[in-house]
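Here, each number is a calculation from the coordinates, and none is a lab measurement. Note that this is a predicted model, so its numbers are computed, not measured. Neighbour counts run over all protein chains shown; Cβ positions are idealised from the backbone, glycine included.
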Amino acid sequence: MQVHDTVLQTELQTIPADRILQSGRNCWRIERADRFAMLVDAAPYFRALREAIVNARHSIFLLSWDIDSRLRLVPEGANDGFPEPLGDFLHAVVAARPELHAYVLNWDYAMLYALEREWLPVVKLDWRTHKRLQFRMDAHHPVGGSHHQKIVVIDDAIAFVGGLDPTKARWDTSEHAARQPLRCDSDGKPHAPFHDVQALIDGPAARALGELARERWHQATGRRLDPPRDMPDHDPWPASVRPDIDHIEVAISRTEPAFEDNPGVHEVRQLHLDAIAAGHRYLFFENQYFTSGLIADALGKRLAEPDGPEVMVISPQTQSGWLEQATMGVLRARVHRRLKDADRFHRYRMYCPHIPGLADACLNVHSKVFAIDDRLFSIGSANLSSRSMAADTECNLTIEAAGPPEERERIARAIAHLRNRLLAEHLDTDPDHVAATLRGNPGLHAMVRALSLSERTLRVMEPVAPPELDPLILDQAIFDPEKPIKPDEFVAEFVPHEARKPLRRRAVGLSLFALALAGLALAWRWTPLREFANLDALINFAHHLEDLPFTPVAVLGCYVAGGLVVLPVLLLIAVTGIVFGPIEGTLYAVGGTLLSAAVCYGIGHWLGRDTVQRLLGPRINRLSQRLGQRGIVAMVIVRLLPIAPFTVVNVVAGATHIRFRDYLIGTFIGMLPGIAMTVTFVHHLAEAIHRPSPATIGVLAGVAAVIIGVAIGIKRVLRRKEDRAA
């Protein structure tokens, strides 16, 4: 690898002899690794993971946030004699090795994620597999927390740590081509380009991670597993992986939330704070989230220094899914605004990797990596979020340029090369070119400007919180807690005493609601419900209702039934407009949505807030709080610009202490404009399609113009309101 002489020599002069990494402060242990490799993106990682599992002889530990037994680790075909799907592959490998035991631990996720994940993983990875392959769900964490470590340990000899789970929508190559036929889920559906990073180590550092994995298994299952008496006499290191550096000390840092008798471990948080404080020239972050107020304060302090370091953050342009966009996206915009205000010397930039030909323009960055100068490099599972510092289990591996001058220089070169590899991928070049450009353009931002010569590049990003959502999202709290949430304190703060349900009633409600959700999930997967929930099928069904003597009752009943099975309300409104016309359709749609909203409100009210929180997950409670505090205003905003599915909002509203009258008034005011415009537009659209003429097309254009005008008007009103509030 090429030595960037001027920059490196300058950097080495600024590296103090004392270490940043300190056991018991910002890391658990510092252990030796004979080999250290960075695996960029899932294609090389998944291939290496499969090779390592094939090489396993004694034990496999796989700790994950999510896992999918149907995943093909090597989509083009591994051709190693074992089945391709992950679950069948693990079963076959364990069955073929009498001495091999495999332990798979996955987060016992909130019900809110149930329809996004593989159905019944316990059956597929435990009940139907070899008895020496054990699969368990990890529920040993406080309310609002999760098991977020992504660790694989093979024979206590090698270990993978990083941000990648063996699950769907992860596989990609470093080319991140807009069209990649192999980049698809187990059902054959393509997914967007995805970027992440994993580390591979061996030696005593891997053995220490084996201890960590066994301890987590014990906490989650209550069962202790004995460590191996002797190190294996074979090397499971995958042949496809070439080490980036050898004979290196590796620090293992953890987050463990305070829970039961455990006071909690916050080494990852301290690692970030110590690293930021020690940076001299470059603070480089590549991270999925950027919402931690604590990290923002530490960075803001460095940006305020006249001779402080540059700060570069590479992050996805948008957060994944409506919930993350409406919560973590807003929090990130606030952190970004704070740093921009603190950046008096113009040393801070946030970037997203632009991919030509991609519909969303920017790459989905999921990695959790940071580099401090040429001195420190860290890969792990921890996001730059408050929850990763306190509420979730996390694990990061960090190397440091320390020791005698020759050793520091050797490691500093390796760290610079690792950072430059990541930058080179985003800038469509190679690490040596990045190093050479840094020599001629001191500073990361100047280097990016100099290398932004192709369509694939790093683009400066300025995330902004939508004014209609910003007032609804409180800082941190439920969505990004700075400490684990205590259920008793949570209920006492947000639920009035008279609204709390007796324990027996809560248990009954929880059981019935769980059964209902399970039945709904089964219906969406294995009944004609999925095929029925499309525009053509619903239009045909609605036409049959026109001939009934009790059409109004039937239509209203369909809205209620649609709400109970979480059918998109906008689809129902569109069908109503097409079939019944603008006037009658609007009356039906308004009546149906209000009746459906009332029924689901009643369900939420009967279940109670703690039951709804358990089933839908803790993140939904911010919505609950804001609805309760702002009443009609909040309902109007949520209905005008929905931040959650119609049914979810209804159930959550019922579980809060928002008054039923305020709820219905807010729903009516908020939904009436959208219903009227939607019904009118789809009716005239259908007319223009079926009976095209200058008149029908003119009416359609007029309706579209009115809708656009109303939307612009609402946006300006909300913007003026936001400006006055500021």
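Taking max minus min of the alpha-carbon positions on each principal axis, region 33-229 gives extents of 48, 40, 30 Å, largest first.
In this structure the amide hydrogen of Thr255, modeled in the peptide plane, comes within under 5 Å of the amide hydrogens of Val268, Glu394, Cys395, none closer than 5 places in sequence on its chain. Panel order for Asp68, Asp432, Asp244, Asp226, by other beta carbons found within 10 Å of each beta carbon, from fewest to most: Asp226, Asp432, Asp244, Asp68.
In region 33-229, taking the dipole from charged Cβ atoms about the Cα centre, the farthest positive-side position among Ala205, Pro83, His218 is held by His218. In plain terms, the residue of His266, His272, His247 with the fewest other Cβ atoms within 10 Å comes first and the most crowded comes last, giving His247, His266, His272. With K and R counted +1 and D and E -1, the other residues having a Cβ less than 11 Å from that of Arg170 yield a net charge of -4. Separation of region 71-110 from region 202-240 is 18 Å, based on Cα centroids. Taking a threshold of 21 Å on the Cα-Cα distance, which of the pairs Lys131/Lys168; Lys150/Lys368; Lys150/Lys301; Lys131/Lys189 fall above it? Listed pairs above 21 Å: Lys131/Lys168; Lys150/Lys301; Lys131/Lys189. Taking amide hydrogens as placed 1.01 Å from N in the peptide plane, the amide H of His58 sits under 5 Å from those of Asp155, each at least 5 positions away in sequence or on another chain. Charged neighbours of Phe285, selected by a Cβ distance under 12 Å, balance to +1 (K, R count +1; D, E count -1).
Only Lys, Arg, Asp and Glu count, each charged at its Cβ (+1, +1, -1, -1), so figure out the dipole size of region 342-442 about its Cα centre, rounded to 20 debye.
280 debye
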